[in-house]
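To keep things clear, I will list the structure first and then write my remarks on it.
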Amino acid sequence: MTLIITKSINPDDQQELLAGLRHYNQQYLDAAQFGDLGVYSRDAQGVMQGGLIAKRKGNWLCIEYLWVSETTRAGAGWGAS
């Protein structure tokens, strides 16, 4: 067996490793607990005032993007702290 240590991750190696990890984990995980999640807030006129885009990974929620408009932060206090 050869052990390779590198500071430069090859995309093909990364995909191969992730494929092996997913294949192994399938026996332990419920696929229904994984996927994309979007949460959005719109005002009375339908204009988006904030929201988030995330990935559900079992019991974890990995937030990728989160935004709250200045109006909503100042007026409703959302995202203020």
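Conditions tested, residue by residue: (1) modelled with pLDDT under 95; (2) surrounded by 11 or more Cβ atoms within 10 Å (Cβ to Cβ).
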site	(1), (2)
Glu16	no, yes
Gln26	yes, no
Phe34	yes, yes
Gln45	no, no
Lys55	no, yes
Leu61	no, yes
Glu70	yes, no
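Of all residues in the stretch 32-80, those satisfying the criterion of being closer than 19 Å to Arg22 by Cα and in a strand (DSSP E or B) are Phe34, Gly35, Asp36, Lys55, Arg56, Lys57, Trp60, Leu61, Cys62.
Restricting the first member to the stretch 26-54 and to residues that are within 17 Å of Gly75 (Cβ to Cβ) and aliphatic (A, V, I, L, M), and the second to residues that are at pLDDT 90 or above and surrounded by 13 or more Cβ atoms within 10 Å (Cβ to Cβ), the beta-carbon pairs closer than 8 Å and six or more apart or on different chains are Met48/Ser41; Met48/Ser69. Only one of the numbered conditions (1) modelled with pLDDT of 95 or more; (2) under 21 Å from the mean Cα position of the chain (by Cα) is not met by Lys7, and that is (2).
The values are calculated or read from the model by the stated rules, or taken from the named source; none is laboratory data. Keep in mind the model is a prediction, meaning the values are calculated, not measured. Glycine gets a Cβ as well: all are built from the backbone with ideal geometry, and neighbour counts include every protein chain shown.
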